[in-house]
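The values are calculated or read from the model by the stated rules, or taken from the named source; none is laboratory data. Just so we're clear, the structure is a prediction, and the values are computed from it rather than from any experiment. Neighbour counts run over all protein chains shown; Cβ positions are idealised from the backbone, glycine included.
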Amino acid sequence: MQRRDNQPPGFSLVFWREIVWLRRRPLLLALTAVLPLGLMLLLTAILSAGLATQLPIAVLDLDGSELSRAVIRAVDATPDDAAVLHVAELSEGRHLIVSRKIRGLLMLPRNLERDVFAGRRPEVVFFYNTQTFTVGNLVLRGANAAVPSVAAGIRISLRTEEGIPVEEAKAAITPIPVQTHALFNSTLNYVHFLLTALLPAVLQTVVVTTMAYAVGLDVETRHRFAVLRRLGGGLLPAMFGKMLPYTILFLSILGIADVVLFKYLELPLRGEPELLVLAAFLFVLSCQFIGALLAMLLRPVGVAVSIATVLTAPAFGFMGIGFPRLGMNEFAYGYGEILPGTWYLMARVDQTIRGTPIDLSWKPVLVLTGFVVVLTGLTAARILSMRRAAAEPAS
Amino acid sequence: MTLLAVFRNEFGRVFALRPVLSVMVVAAVIYALFYPQPYLNEALRKVPIAVVDQDRTQTSRDLARQVDATPDIAVAQVLPDVPTAEREVYARRIFGILLIPQHFERDLLHGRASPIALYADASYFLMYNRMSGAVSAVSRTLGSNVEITRLISLGVDPPVAAAASDPMPFIPVPLFNPQGGYATYILPAAFVLLVQQMLLIGVGLLGTLPGAETVSPRRRRLGDALYEAIAVVAGKLLAYLAVEAVIVTVYLIGLPYLYGIPRLGSVATVLAFALPFTLAVGALGLVVAAVLRNPLAVQLVFAAVGLPFFFLAGFAWPTEAMPLAVQWLAKLLPSTLAIDGLVDVAQLGASLSDVRAEFAGLWGLVAIYAGIAVVVEFGKRRRPAVATA
C-alpha cells in the first residue's frame, strides 16, 4: 500500500485506487459480483428441471366404451399430459380449471364409439386455459397429438378391414405428411435459449446501474471530480483507470457464468468462442459507458441510478426474450435496437445455439463496436465540458 | 408516538422526499406507458419463411399459396435450394423453410404418400408452434381433400367419404384468452409485479432515508415500547395503503381496461384481493429497509432482482416445472400468490372463495412481515435503554 503514495499520478494510480475501494466497500463488491452470480444461480435453479411434463388433466367420459378409454389412454401416454381424475359434469371440470387443480378437460361425448363407426363424426372436445400461456399450449400439444393418432388408427383399420395392406392404408390416410425439423434447437429445449438469453439481460441492468453508482460517487461534487482528475494526471486516463477494474470484474462474472452454462449444464457452443468473447467485451464496455454517462449527466447519484433502472430493468421484454421482436410494434422494436443487450444476445445466440457461419456473424459485433465508439466519444465530450465548467469559476 | 401521527408523518414523507415520489408516482406513470409496448401487438403474425419448390407444378404452387394465406405465416422468399435458404435463416431474414420435393404432384396423383418438409427456427416455442401448426393445418386440409376425392372416385358416397377421412374430429376450446393473445397473458401478471417492485423500492427508500426514525429518547417500560412499535408499523402500513389505493386501482383495473384486456371479475373482488397484497408488500418493504439500511443499496439491489422475480412468479415459467426449494422461496414473495389469485379473480372470474388459499396465504405473509417489522422497531426502542442501564 505504501508504494502507491509515491506513485506518479496517472492511469495505474486510479486503477489501483479503484481496486482498493472495491475491497473496502462490501456493498459495491456485493452488487457487482455476488448479486449477479447469485441471480444467475437462482434463474438456473428455476429452469433446471426443464419444461413441465405430465400436466394434470381431467376426463369427462360420457361414453365409457372401449374407444373412449383408448382415447384417454393415448392422451395420458403423451409426455405432456396426465389424466389424473374423472369428473361427472362439465361445470365441475370448468371449476377445477379455474382453481388450477387441473390444466385441461377432455370430453368424450355419449355414444362416441357407436357414432364413430356409423360415420356420424362425433367431436372430441378439449377445454384448456390460454390465460396461462405456456402451460395452456403444452397441455394442448399432448391432446392435439394423441386424439388424431387414435382417429388415424380407426381410419387405418377401416381400410385394412376392406383388405387393403397396412402400409398402403397408412399412406392413404396422410397423403401429405409434414416432416418438421427444428433448426438450431433440435431437442426443443427452451431452457437452453432462456439461460443463454437471461444472462445478458441481468448483466445489462447490473452493469449500467452499478457503473452509474460507482462513477457517480466520483463526479457527484466538483471537488471529488477534481481529485479524480488530479490522481489520473488528466481526465481521460482517470476515466479509463476508473472503469477498467469493473470491465475486468464483469467479464470475469460473465466468464464464470458461461463456464457453468457450457461445461456443466452442457449448453451447445457451436460457434466461434473468440467472437463470443469479443462481443462480450464490447457489450460490457457499452453498458459501462451508458452508466458512466448517466452519472455525469444526472445528479445526485440516486437520480442517475433511478434513470439507469428505468432504462434497463424492463429491457428483457424489448430484447425479445419472451415475445419475439418480430411481433413488436415500431416503438418497442426501435427501443430494442438501441440496447446493447439486444445485439449481444444476437451475437450470443449466433455463436452458441445457432452456430452461424462466420461471414454472417459480424453484424451484431459491428453494431456493438459502433456503440462503444459513439459512447466513448460522448463520454469524452461530456468530461471535457465538465472540466470547462469547473475551470470557469476559477478564472 | 400515536398511530395517527405516524400515518401523517409517513404519508407526508412520500410526497416530500423526491426519490420516493419519483419511484412511487413518476415511475408508476412511466412504466404504465413504457412496459407494455413489446406485447401490444398481442400475437405473432405473418412469420416470414422461404419456400424451396423443387416440384414447380400447379399443386406445389397451390400448397405454397395456401401456406402464405394463413394468418401465421408469410412466404417472404422463393429460393432455389435449402443451403441458400439456410443462409437467409442465419441472417434472420426468414425463420423457416418449407421444402416441397420433386415429384410432389406426381406422387400425390399416383396415390402415394407425398411428404413435404418444414425446417423451422425452434429458438422460440411460440414461433416454432405457429409455423409447424400452420403448415400442418394446410397439409391436413389438402390431404383430406385428396383422400375424399380418391374415395369418391372409388365409388364411396361423399358424406361417407368425408366421415372416413375424419371420423372423430378434435375440437380444442380455449376457455379464457381465446385468441391466445400475448399481452392478455402477460400484462395482468406484469402489472402486479410492477406494483410490488415500485412499492418495495419506495418503502425501502422511506425506511433508509433520513427522517424514518420515530424513536422518542425518553426511557420507557417494555409494554410502552411494544405498543409504540406496533403503532409505528401499523401507521406506516396504513400510509402506504393510502398512497397505493390510487396506484393499485389504476394498475389492476384502469390499465388492463385501457390496453383492452378482458376482465371477467368484479372490481370489488379485485380490490378486496389487492388489500392483503398491498399490505404484505408494504410490510416486506419495511423488512427490506431494515436489512439494506442504505437507500442506494435498495435501488441497486431491486434494479437487478426484477427479472428473477418475474421468473419466480410462475407465469413466465410454470411453477410445476420448478424445483421444490425454489417453489417455497417463490411463496415468500407476495407477488407469487397475488398473481395467481388476481389473475384468477380478474381474468377467469373466480370468486374470493375460489382463491381463499391464496387470499389466506397473503394475510399470512402480512402477519409474518409485519411481525418482523414490529420486532425490529421494538429492538430500536430497547437498545437505547440498554445502553443507559
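Summary of values
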{"item": "Residue check for A:T221: free of Cβ contacts under 8 Å to residues at least 60 places away in the same chain, hydroxyl-bearing (S, T, Y), in contact with a Leu (Cβ under 9 Å, 6 or more places away or on another chain) and surrounded by fewer than 24 Cβ atoms within 10 Å (Cβ to Cβ)", "result": "no"}
{"item": "Segment B:127-166, residues that are within 44 Å of the chain's Cα centre (by Cα) and more than 7 Å from chain A (Cβ to nearest Cβ)", "result": "B:R130, B:M131, B:G133, B:A134, B:A137, B:V138, B:R140, B:T141, B:S144, B:N145, B:A162, B:S165"}
{"item": "Exclusive hit being within 27 Å of B:Y39 (Cα to Cα), more than 7 Å from chain A (Cβ to nearest Cβ) and not β-branched (V, I, T), set B:L206, B:L109, B:L200, B:L98", "result": "B:L200"}
{"item": "Residue check for B:N177: facing chain A (nearest Cβ under 7 Å) and either on the phi < 0 side of the Ramachandran plot or within 18 Å of the chain's Cα centre (by Cα) (or both)", "result": "yes"}
{"item": "A:F318 within 13 Å of another protein chain (Cβ to nearest Cβ) and buried (at least 23 other Cβ atoms within 10 Å of the Cβ)", "result": "yes"}
{"item": "Counted residues, segment A:261-280 - those being part of a helix (DSSP H, G or I) and surrounded by fewer than 17 Cβ atoms within 10 Å (Cβ to Cβ)", "result": "7"}
{"item": "Hey, A:P122 assigned to a loop (DSSP other than H, G, I, E, B), touching a Pro at 6+ places or on another chain (Cβ under 8 Å) and either more than 25 Å from A:F318 (Cα to Cα) or not assigned by TED's automatic domain parsing to the domain that holds A:L43 (or both) or not", "result": "yes"}
{"item": "Some residue of segment B:231-243 being assigned to a loop (DSSP other than H, G, I, E, B), among the basic types (K, R) and farther than 30 Å from B:A316 by Cβ", "result": "no"}
{"item": "Considering residues of segment B:5-60 that are polar (S, T, N, Q) and under 28 Å from B:I97 (Cα atoms) only, the residue surrounded by the most Cβ atoms within 10 Å (Cβ to Cβ)", "result": "B:S60"}
{"item": "Matching entry among B:G155, B:G133 (being in a loop (DSSP other than H, G, I, E, B) and in the same structural domain as B:T59 (by TED's automatic domain parsing))", "result": "B:G155"}
{"item": "Looking only at segment A:227-238, and only at residues there that are in contact with a helix residue (DSSP H, G or I) (Cβ under 6 Å, 6 or more places away or on another chain) and either hydrophobic (A, V, I, L, M, F, W, C) or not in a helix (DSSP H, G or I) (or both), the one that is modelled with the highest pLDDT", "result": "A:A238"}
{"item": "Helices (runs of 4 or more DSSP H) contained entirely in segment B:1-55, each with at least 1 residues that are among the small types (G, A, S)", "result": "B:3-16, B:27-34"}
{"item": "Candidate set from segment B:158-216 (those that are among the hydroxyl-bearing types (S, T, Y) and assigned to a loop (DSSP other than H, G, I, E, B)); member that is surrounded by the most Cβ atoms within 10 Å (Cβ to Cβ)", "result": "B:T214"}
{"item": "Residues located in segment B:65-85, provided they are in a helix (DSSP H, G or I) and either surrounded by fewer than 19 Cβ atoms within 10 Å (Cβ to Cβ) or under 30 Å from the mean Cα position of the chain (by Cα) (or both)", "result": "B:R65, B:Q66, B:D68, B:A69, B:V82, B:P83, B:T84"}
{"item": "Some residue of segment A:105-120 being under 24 Å from B:S132 (Cβ atoms), within 11 Å of chain B (Cβ to nearest Cβ) and β-branched (V, I, T)", "result": "no"}
